[in-house]
Amino acid sequence: MWDLALIFLTVLAAILAVEAKDLIRSIMAFLIMCIFVAIIYYAMGAVYASVFQLLIYAGAVSVLLIVTVHTIRRRRTA
Amino acid sequence: MGLTSPQAYIAFSIILLAIGVYCLVSKRNMIKTVIGIEVTTIAVNTALLSLSWARVATISHITGAMVEPLAEALVIISIVIGGAIAALALSLVVNAYRHYKTLDLKKLKRLRW
Amino acid sequence: MATGVGIAEVMGPVIALIVFSASMPILGYIEGKLKYKYLTGVAASVGFSFALIYLAHFLWRFWSSLAKGVALTSSLFPNFGRPLGVEIRVDVFSTFMALLFIGLGLLISIYSIKYMEHDTGLDRYYAMLLLLVAGMVGVAVAGDFFTLFVFWELMSISSYSLVSFRKYRWEPIEAGFKYLVMSTLGSLVALLGISLLYYYAGTLNFVLLSEAFARPDGTLKLYGYVILMLIFVGFGVTASIVPFHTWLPDAHPAAPSSISAMLSGLVIKAGVYAIARGSFMIFKPTAFDYGTLFVVFAVITTTVANIMALLQRDVKRLLAFSSTVNIGFILFGLGTAAYASHLGVAIAGILGLVGALMHILSHAIGKGLLFLAAGSFITRAKTRNIYELQGAGRAMPWTGVAFSVGLLSLSGAPPLAGFVSKFFLLMAGYSVGNAFMNVATSLMLVNSVFAAAYYLRLLQICVIRPRGEGVKELREASPVIVAPLVILMILLIIIGCYPWPLLDIARSAASALLQP
């Protein structure tokens, strides 16, 4: 039953990612959600899917989101 | 480490799907829209994996989770495509910001959903 | 009813396109060094010619067995067996679509050599164009949903980036973002449908799936309808069926005209192809009654898009709405086929599919021609308003004649291709012979006349009226731009005057789809 807690935390992170006012907080919640989902995939036995989830979502997509926000913020102040 | 039934995971993926679609239809920020697309993609991937597990559970009564290789391959392809779409969408967001100096979808003149 | 072939023979066109696409960055670098700005365009045209030659060679070798209704299959991993090995499946319908995709792609790449000469980043443009066509050909030859989904996303991603290619203007960015969000959601809905198929049958192969859904009972039938709806909605976003069409009238005007021709002529046809494959191949129309749904959606699509098209003043936006109208006609053909087969009227089923296939062909050629000609007007006149383009066809005679022939063909004037396809569609609808189909077909007939009205209005304004103020100084476009237009125009006339070989091909494709 330990995985129900994981599911609950993932849903919580997803809601936070959607609802947070600050974009950086929202992206951090998205990153945490991606890591939780990767753990869930690993527990399901889909090891490769879990690795790809970590590499692409938690790695690439989150970084891209942060870079985008960073670029836009810098323009706004400048 | 026994997992609960695949039905719990199917329900989980439906909740994620609802969150993603809600984000897409209600949020005005373009970056939030990209996050919504990605959450929806993750939800559909999870649905595919848990449906595959449910199928294995009904035909062979294996305890514990097991996912068939075809479903896993499709999920990997879908994850990679989701990454590509996120990169493309974010480049469009940056370009849109250059033109409008805002991320608000309502300010984009002709963009009506 | 399936014979094996080597995977390299079937995938030859796709591999050629992808290799040329991958070599584009190097060619772009050489182009920059040589200061010769047409190198990438010529290389892309050579790539399309290679693909066309590969396909022609494949057809020359296997046409005798394909024409008998045999499907050629080959597997990427033959040792894994049916459910796991990624499968390629080629029948007449696939080759018909693949030939259309590569042929129109070749003409559009030739057109782009001159049309895109003032843009920068042409290596990316041609790489994406080649990948787009590779994706569509892959969708056409896919033998399971895995392959179809992979190539589908290849096609989608390259078309998103092509729509927003001119990223220094606001309109392509906005339209591209809208297209990306809607079409990605559509793909995800389709993927959900595919995963439900997988849950029931444990395979994604079309043949094995059709065996699994051959004899549906109560709950399985309901399950099948749910999957059908998901697949219809998912691929219907790209096919621009009416409740999901809102990306199209923004994306088509925003894209460069060559890409509008590509989107309108081919990409939305790939959506229709995926719907036809997913429905007719897996859910046999004798067991599932989805024809009614298709016909109702077709009538709604045509009516709504017609009304919207009548209100437009922007020539590319008008043509974009008319694409949605014609998708309605194609969907009507598919729906008639499914409905008639469900009732057991075999002849109307065949006629409906023949009409749908002929309309795919005539609309792809005709609308490709119209968008290319409109692009040629727009580059010279620097405006998209039809009243400012008044009399542009007189100033640019070749483009004007091609534009007129395209408009007449789409409005269904007799000796042209559009007449043949609309004739078959309406004949199929009336030959079912019950009240529902009679009403639906009459509505389609009214819509067809209605559509002819605004095509002829466009013809009258742009070609027949004397030259307006804005077009006094116009010169004819360069021969590289005019040549594809003339080829497409001649094709329309040939198909209109002598359609019999194509009708034979369409008939064998239709019977291959309808027979189990």
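Against the condition in contact with a helix residue (DSSP H, G or I) (Cβ under 9 Å, 6 or more places away or on another chain) and either at pLDDT 90 or above or of a type outside the set (S, T, Y) (or both), how does C:F77 come out, does it pass? Criteria not met by C:F77.
Grab the helices (runs of 4 or more DSSP H) fully contained in region C:242-283, keeping just those with 1 or more residues being free of Cβ contacts under 8 Å to residues at least 12 places away in the same chain.
Working: elements: C:248-254, C:257-262, C:268-276.
Counting at least 1 such residues, we get no helices (runs of 4 or more DSSP H) at all.
Of A:A14, A:A58, all but one fail to be small (G, A, S) and either more than 10 Å from chain B (Cβ to nearest Cβ) or part of a loop (DSSP other than H, G, I, E, B) (or both); the exception is A:A58.
What about A:I39, is it touching a residue at least 40 places away in the same chain (Cβ under 8 Å) and under 13 Å from the mean Cα position of the chain (by Cα)? The answer is no for A:I39.
For the structure I just gave you, tell me whether A:Y41 is farther than 16 Å from B:V39 by Cβ, of a type outside the set (S, T, N, Q) and either within 7 Å of another protein chain (Cβ to nearest Cβ) or crowded, with 21+ Cβ neighbours inside 10 Å (or both).
Working: farther than 16 Å from B:V39 by Cβ: no; of a type outside the set (S, T, N, Q): yes; either within 7 Å of another protein chain (Cβ to nearest Cβ) or crowded, with 21+ Cβ neighbours inside 10 Å (or both): yes.
Taking the combined requirement at face value, the residue does not satisfy it.
With respect to (1) away from chain B (no Cβ under 11 Å); (2) surrounded by fewer than 23 Cβ atoms within 10 Å (Cβ to Cβ), the lone exception for C:M182 is condition (1). When residues in region C:457-491 are screened for being at pLDDT 90 or above and farther than 17 Å from C:P397 by Cα, 1 of them pass.
Scanning region C:199-229 for residues that are in contact with a helix residue (DSSP H, G or I) (Cβ under 7 Å, 6 or more places away or on another chain) and among the aromatic types (F, W, Y), we see that the one that is farthest from the other protein chains (Cβ to nearest Cβ) is C:F213.
Aromatic (F, W, Y) and touching a helix residue (DSSP H, G or I) at 6+ places or on another chain (Cβ under 6 Å) - does that describe any residue in region B:20-34? Scanning region B:20-34 turns up no residue that is aromatic (F, W, Y) and touching a helix residue (DSSP H, G or I) at 6+ places or on another chain (Cβ under 6 Å). Tallying residues that are without any contact (Cβ under 8 Å) to a residue 40 or more places away in the chain and over 20 Å from the mean Cα position of the chain (by Cα) within region C:474-493 yields 1.
Among residues belonging to region C:159-179 that are facing chain B (nearest Cβ under 9 Å) and polar (S, T, N, Q), point out the one that is nearest to B:S52 (Cα to Cα). For region C:159-179, the residue satisfying everything is C:S161. In summary, C:S156 fulfils each of the numbered conditions (1) within 18 Å of C:T184 (Cα to Cα); (2) away from every other protein chain (no Cβ under 14 Å); (3) among the small types (G, A, S) with the single exception of condition (2).
Is it true that C:T399 is of a type outside the set (D, E, K, R), surrounded by 24 or more Cβ atoms within 10 Å (Cβ to Cβ), in contact (Cβ under 8 Å) with a residue 40 or more places away in the chain and touching a Leu at 6+ places or on another chain (Cβ under 8 Å)? Yes, satisfied.
The set of residues in region C:476-508 that are more than 22 Å from C:G105 (Cβ to Cβ), assigned to a helix (DSSP H, G or I) and in contact with a Pro (Cβ under 8 Å, 6 or more places away or on another chain) comprises C:G496, C:C497.
Within region B:1-57, how many residues turn out to be touching a Lys or Arg at 6+ places or on another chain (Cβ under 8 Å), assigned to a helix (DSSP H, G or I) and more than 10 Å from chain C (Cβ to nearest Cβ)? I'd like the intermediate steps shown before the answer.
Of the residues in region B:1-57, the ones touching a Lys or Arg at 6+ places or on another chain (Cβ under 8 Å) are B:23, B:28, B:33, B:36.
Remaining after also requiring assigned to a helix (DSSP H, G or I): B:23, B:33, B:36.
In the following step, the residues that additionally are more than 10 Å from chain C (Cβ to nearest Cβ) were identified as B:23.
Qualifying residue count, region B:1-57: 1.
For region C:186-235, the set of residues classified as touching an Asp or Glu at 6+ places or on another chain (Cβ under 9 Å) and crowded, with 18+ Cβ neighbours inside 10 Å consists of C:S187, C:Y198, C:A201, C:G202, C:T203, C:L204, C:N205, C:F206, C:V207, C:L209, listed by residue number.
Would you point out which residue out of C:Y36, C:Y54, C:Y29 is in a loop (DSSP other than H, G, I, E, B) and at negative phi?
Values: C:Y54 fails: in a loop (DSSP other than H, G, I, E, B); C:Y29 fails: in a loop (DSSP other than H, G, I, E, B).
Testing whether each residue is in a loop (DSSP other than H, G, I, E, B) and at negative phi leaves just C:Y36.
Pairs linking a residue in region C:222-240 that is without any contact (Cβ under 8 Å) to a residue 40 or more places away in the chain to a residue that is among the aromatic types (F, W, Y) and surrounded by fewer than 19 Cβ atoms within 10 Å (Cβ to Cβ), with Cβ atoms under 7 Å and 6 or more positions apart or on different chains, are C:Y223/C:Y200.
The values are calculated or read from the model by the stated rules, or taken from the named source; none is laboratory data. Just so it is clear, the model here is predicted, and its values are computed rather than measured. Reconstructed Cβ throughout: ideal geometry from the backbone, glycine too, with neighbour counts over all protein chains shown.
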